Amino acid sequence: MVVLWGIIKHYLQRKFMKKIVIQGAIIIIVFFGTWISLTEVDWIKVFEVQKTVNKTEQKLGELFLETFEKTENKNILIVNAIDTIVTHICTENKIDREKIKIHVLNKDEINAFAMPNGHLIVYSGLILNAAIQEELTGVICHEIAHIELNHVMKKLVKEIGLTVLISMATGNDAAEIIKETVKMLSSSAFDRSLEKEADIKAVDYLIRAKVNPEPFANFLYKLSLEDDAKTEYLKWVSNHPASKERAEYIIEHSKNKLIKYEPILSIETWNKLKIELTE
């Protein structure tokens, strides 16, 4: 029995020492790998490129916004109501409120989309077609997610190229290109993986803000079933394919959350908002 225990003890000691050696080797490899990467990368160039991208994004946001100036709604009640929703979402999710710049446009289409430098466009048609405020809030959260996850610039760099974007931001004869780029942002979807990422992030935003995410899923499903005659007005749904599938995983991601949900706007403010948009 003593001999057997000695054999077992020796085996365990060897196994333990082997584990320590392997862990030590991994630590050494990681250390030298990190050290080499830090010494090989020209961090000045990396930071310079990022600085250029940031400046380009800021300028593009300004240029793109200019194309909507004539249709932007400046009604104080409308602006304040949407601002209240955005501020609440940002506050509860620790998002820099100054980063999100909301703009309501007088357009009949059911649409909303994010632009460079945190500009978020909401069409009046979307607000009017939202039966309850949680539907609108869900869409707004989805677009805020695109902004926070840097999806806008990723899409532009992928489809247009950073060189062209910098040229657009610094050139004087880019009006037509800017117009077409804005059209692309307002009428085409992100990659499916990015859309799902924004959906899931939107649900997280809603839950932290104590806003029921189920109406967001219902809104997607409802719009996907709309009559074909209205298709031209359903820009947001046509730009975000597989709406039924999205509704399903939104419900799946949000279920079993024991939270007391509360509306952001009072019923009176929500009703006044709808009335103001119809006058």
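Loop only by DSSP, 16 or fewer other Cβ within 10 Å of the Cβ. Give me the trypsin sites (Lys or Arg not before Pro) in the stretch 52-128 that pass, ordered by residue number.
In loop regions of the stretch 52-128 (DSSP not H, G, I, E or B), the sparsely surrounded trypsin sites (Lys or Arg not before Pro) are LYS74, LYS94.
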Between HIS119 and residues 5 or more places away or on another chain, the pairs with built amide H atoms under 5 Å apart involve LYS101
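Do any of LYS55/LYS196; LYS59/LYS201; LYS155/LYS196 go past 21 Å between their Cα atoms, and which?
In this structure, LYS55/LYS196; LYS59/LYS201 exceed 21 Å between Cα atoms.
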The stretch 44-278, Kirkwood Rh and Cα Rg, ratio Rg/Rh at 0.96
Here the gain from full extension of LYS55 to THR84, 0.36 nm per residue of separation minus their alpha-carbon distance, amounts to 7.6 nm
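Throughout, read-outs are computed from the coordinates displayed, never taken from laboratory work. None of these values were measured; they are calculated from a predicted model. Reconstructed Cβ throughout: ideal geometry from the backbone, glycine too, with neighbour counts over all protein chains shown.
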